[in-house]
Amino acid sequence: MGSLREIETRIKSTKKTSQITRAMQMVSASKLSRAELNAKAFVPYMEKIQEVAGSIAAGTDTEHPMLVSRPVKKTAYIVITSDRGLCGGYNSNIIRKVTNTITERHTSKDDVVIFVVGRKGFEHFSKRGYNVIDSVIGLSDHPTFAEIKDIANKAVGMFTDSIYDELYMYYTHYISAISHQVTEEKVLPLTDIATETATSSYEFEPSGEAILEVLLPQYAESLIYGALLDSKASEHASSMTAMKSATDNAGDLIDSLTLQFNRARQASITQEITEIVGGVAALE
């Protein structure tokens, strides 16, 4: 047990830490509210563009490169992480999932290329010798499509140019404020889009091939942006939960230190009384 001054100093510093984590919790809660709305608002657009693209693909005799599977020699992965820490297991969970998947599927790092969103993912994969061919760092808390347009366009374009043969995306799917799930989604090739989404028929011009030439890249890029919005909601929720846990732990520590302080002070007072009583007895 430390001295009264040491314990009192620890109590004060822990209270200051608690105030900071509580403020960060409130900020994350505010960001989560908006991020959740952004993610939900994007869903109708995604569903519609998927329906239109699927219907046109099903009704068009085309072999667009984005719709055709080919022998897999090289695989690309898009990994969405955060720029900052203090968000629990948000980054470590997705990084571990991607690393394990690459280890299971590939015998060499030369068979893999990686696109990274977020500083944490970029630092991890760069330091370990993976071929990180593009990255985006410093996104806003509520990113727009313009912020990731270049990397999304590059990822889709390199597949179309046959630089790699399939494209997977890893992100954290937002379920609720306390529940998130690391998710793998195959972005390219879009082999199932015609069969899964062909629910409506459309009259269109010019040709279906011409429309798909424009629509399919937009659809694939929208998949990436939608996953980013989903991940941002999960990131803010994870940060809010982590800061709440830190605040609660600080409160428990303050209670424990306060109890130590009271016991130490009581022991000190008792000792002083005993010394006074002993001094009085010695004078008699």
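Bear in mind these aren't lab numbers, they're just calculated from the coordinates by the rules spelled out. Here the structure is a predicted model, which is why all the values come from computation and not from measurement. Here the Cβ positions follow ideal geometry from the backbone for every residue, glycine too, while neighbour counts run over all protein chains shown.
Given +1 at the Cβ of Lys and Arg, -1 at the Cβ of Asp and Glu and no other charges, the dipole of the chain around its Cα centre is 1380 debye to the nearest 20.
Hey, fewest Cβ within 10 Å first, where do Lys232, Lys12, Lys127, Lys97 land in order? Intermediate values should be presented prior to the final figure.
On the way: Lys232 27, Lys12 12, Lys127 8, Lys97 16.
Result, fewest neighbours first: Lys127, Lys12, Lys97, Lys232.
Near Ile95: Cβ cut-off under 11 Å, other residues only, Lys/Arg at +1 and Asp/Glu at -1. The net charge is +3. The range 215-281 and the range 140-176 have Cα centres spaced 36 Å apart.
Between Asp141 and Glu47, the modelled labels are 2.9 nm apart [label points 7 Å from Cα along Cα→Cβ]. Charges were assigned to the Cβ only: +1 to each Lys and Arg, -1 to each Asp and Glu. The resulting dipole of the range 19-86 about its Cα centre is roughly 440 debye. Amide H to amide H distances under 5 Å link Leu67 with Leu190, where only residues 5 or more positions off or on other chains count and H is placed in the peptide plane.
May I ask for the net charge around Glu185, where only other residues with Cβ less than 13 Å from the Cβ of Glu185 are counted and Lys, Arg are +1 while Asp, Glu are -1? Each step should come with its number before you reach the end.
Working: positive: Lys97, Lys186; negative: Glu166, Glu184, Asp192, Asp230.
Summing Lys and Arg as +1 and Asp and Glu as -1 gives -2.
The helix-only estimate of mean residue ellipticity at 222 nm for the chain, built from DSSP H runs of length n ≥ 4 each weighted as -39500 (n - 2.57), is -22500 deg cm²/dmol after division by the residue total.
Taking Ile20, Ile273, Ile80 as the candidate residues, the one with maximal mean-square fluctuation in a Gaussian network model of the chain, Cα springs under 10 Å, is Ile273. Between Met46, His180, Ile211, the Cα set farthest toward the positive side of the dipole of the range 26-241 (charges on each charged residue's Cβ, about the Cα centre) is that of His180.
Could you grab the Rg to Rh ratio for the range 84-194? Cα atoms only, Kirkwood for Rh. If you can, show how the numbers build up before the last one.
Working: Rg = 14.5 Å, Rh = 15.3 Å.
My calculation of the ratio gives 0.95.
Within the chain, what is the longest stretch that has no chymotrypsin sites (Phe, Trp or Tyr not before Pro) placed in a DSSP loop and near at most 16 other beta-carbon atoms within 10 Å? Counting at most 16 other Cβ atoms within 10 Å as exposed, the longest clean stretch of the chain is 1-201. The overall shape of the range 26-241 is oblate: from the C-alpha gyration tensor, with semi-axes ordered a ≥ b ≥ c, the ratio a/c is 1.5 or greater and a/b is no larger than b/c. Separation between the Leu37 and Asn131 pseudo-spin-labels, each 7 Å from Cα along Cα→Cβ, expressed in nm? Each label point lies 7 Å from its Cα, and together they span 4.4 nm.
Using 1/(1 + (r/R0)^6) with R0 = 25 angstrom and r between the beta carbons of Asn93 and Met26, what's the FRET efficiency to the nearest 0.05?
Details: r = 24 Å, r/R0 = 0.98.
With R0 = 25 Å, the Cβ-Cβ based efficiency is 0.55.
The simple spin-label model puts a point 7 Å past each Cα toward its Cβ; for Asn100 and Ala267 those points are separated by 4.7 nm. Think of the chain as a dipole: +1 on every Lys or Arg Cβ, -1 on every Asp or Glu Cβ, centred on the Cα centre; then among Ala264, Val27, Ser245, Ala264 lies furthest on the positive end.
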